[in-house]
Amino acid sequence: MNLRDLRYLIALADLRHFGRAAAACHVSQPTLSTQIRKLEDELGTALVERAPRQVMLTPAGTDIVERARRVIAEVEQMRETARRTTDPEAGSVRLGLFPTLAPYLLPHVVPDIRARFPRLELLLVEEKTEVLLGMLRAGRLDAAVLALPLHEDWLEVDFLFEEPFVLALPASHPLAGHRQLKLAELSDQHLLLLEDGHCLRDQALEVCTLAGAGEKEGFRATSLETLRQMVAAGVGITLLPMLAVKPPVPISDNIQLLPFRNPPPTRRLAMVWRRSSAMTPFLRKLAALLRELPAELLTFSAPTTTSPVRTAVAIEKKIRGKKSDEASAPLK
């Protein structure tokens, strides 16, 4: 038994097709099939059910694939440990983020990560929370930024920040005249929400429960941008995370944003990784960098007479100016 054969088996389990698995492993299909047969002979049991149109794992195959994933993950950890012994801030980091956070957080933090760790190869993965947890457990990710709470005792959790929600509504909506909103004022409202599987849906449902609000029936969005467009079209109202309404996200003239009175509803974000990871010291440094978001990104900017586009540009310049000042300040 060798690592190469275990990689072949994992590829076959993921793709459920001998041809595609062989292509992913850069070998011919007969080569991959032969090696899987040899692995079955060595273990003395069938790992794969070979049907004419599909490939399925046997119960033993399912168990061995999971063990193989852990073996490969541990080998990668050994290699990463060896690389970081000579240069702790070099090598690669596979970081996962969920879809309602990644497009809005990454523009603000990736430039800082590249500046702070110039030799680091940052590999980003965007998936739903449950998929990211599975990839972390299997060793296919080094860390992830997820929403709390999490109930996984194998995870190291480093809290980052709380992100408030704002209410997005059409300009014609009865609540559009407010400057701020009490949570209780949503009690007779029905909000547009995401489909199942998005952690933002669960967070929004919690807010609805606290406010006595409900979900708009007959529609569930597949993305945050779909929700935004539905609001702009006058279909309904929704909750948006604060980062999703900050530059460089374009502002729509057809959407009004309302902050909530203190304390606003929020989501709590953390960077997590396996407790057994050899990368823990470096990952703590990375988490500390992610935690250093400018305060402007997590607070609501009051409406002004300035056009939305100019307001967005002004906020972005202010944030960039602050970072530039900090970078040029003398060390004490």
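Quick rundown of the values:
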| read-out | value |
| --- | --- |
| Residue list for the range 122-138, filter: out of contact with any strand residue (DSSP E or B) (no Cβ under 8 Å at 6 or more places or on another chain) and touching a residue at least 60 places away in the same chain (Cβ under 8 Å) | LYS128, GLU130, ALA138 |
| Top-ranked residue in the range 255-277 [being surrounded by fewer than 19 Cβ atoms within 10 Å (Cβ to Cβ) and within 27 Å of ALA143 (Cβ to Cβ); ranked as nearest to the chain's Cα centre (by Cα)] | ARG268 |
| Test: residue in the range 118-139 that is within 21 Å of ALA295 (Cα to Cα) and either at pLDDT 90 or above or in contact with a helix residue (DSSP H, G or I) (Cβ under 6 Å, 6 or more places away or on another chain) (or both) | no |
| Condition check for ASP142: acidic (Asp, Glu) and crowded, with 16+ Cβ neighbours inside 10 Å | yes |
| Criterion: at pLDDT 95 or above and out of contact with any Cys (no Cβ under 7 Å at 6 or more places or on another chain) - qualifying residue of ARG310, ARG284, ARG261 | ARG284 |
| Evaluation of ALA232 against (1) over 30 Å from HIS178 (Cβ atoms); (2) out of contact with any Phe, Trp or Tyr (no Cβ under 8 Å at 6 or more places or on another chain) (one fails), failing number | (1) |
| Of all residues in the range 211-254 being among the charged types (D, E, K, R) and under 26 Å from LEU297 (Cα atoms), the one that is surrounded by the fewest Cβ atoms within 10 Å (Cβ to Cβ) | ASP253 |
| Of the criteria (1) surrounded by fewer than 19 Cβ atoms within 10 Å (Cβ to Cβ); (2) in the same structural domain as SER223 (by TED's automatic domain parsing); (3) touching a residue at least 12 places away in the same chain (Cβ under 8 Å), which one GLN189 fails | (1) |
| Elements of type strands (runs of 3 or more DSSP E) in the range 160-241, at least 1 residues being among the charged types (D, E, K, R) | 214-221 |
| Breaking point among (1) surrounded by fewer than 18 Cβ atoms within 10 Å (Cβ to Cβ); (2) under 10 Å from the mean Cα position of the chain (by Cα); (3) of a type outside the set (D, E, K, R); (4) part of a loop (DSSP other than H, G, I, E, B), for PRO99 | (1) |
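Here's the yes/no breakdown for (1) of a type outside the set (Val, Ile, Thr); (2) exposed (fewer than 13 other Cβ atoms within 10 Å of the Cβ); (3) within 15 Å of ALA138 (Cβ to Cβ); (4) not assigned by TED's automatic domain parsing to the domain that holds ARG275:
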| position | (1), (2), (3), (4) |
| --- | --- |
| ARG20 | yes, no, no, yes |
| VAL55 | no, no, no, yes |
| THR58 | no, no, no, yes |
| VAL65 | no, no, yes, yes |
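The values are calculated or read from the model by the stated rules, or taken from the named source; none is laboratory data. Small disclaimer: the values here were computed from a predicted structure and weren't measured. With ideal geometry, Cβ positions are generated from the backbone for all residues, glycine too; neighbour counts draw on all protein chains shown.
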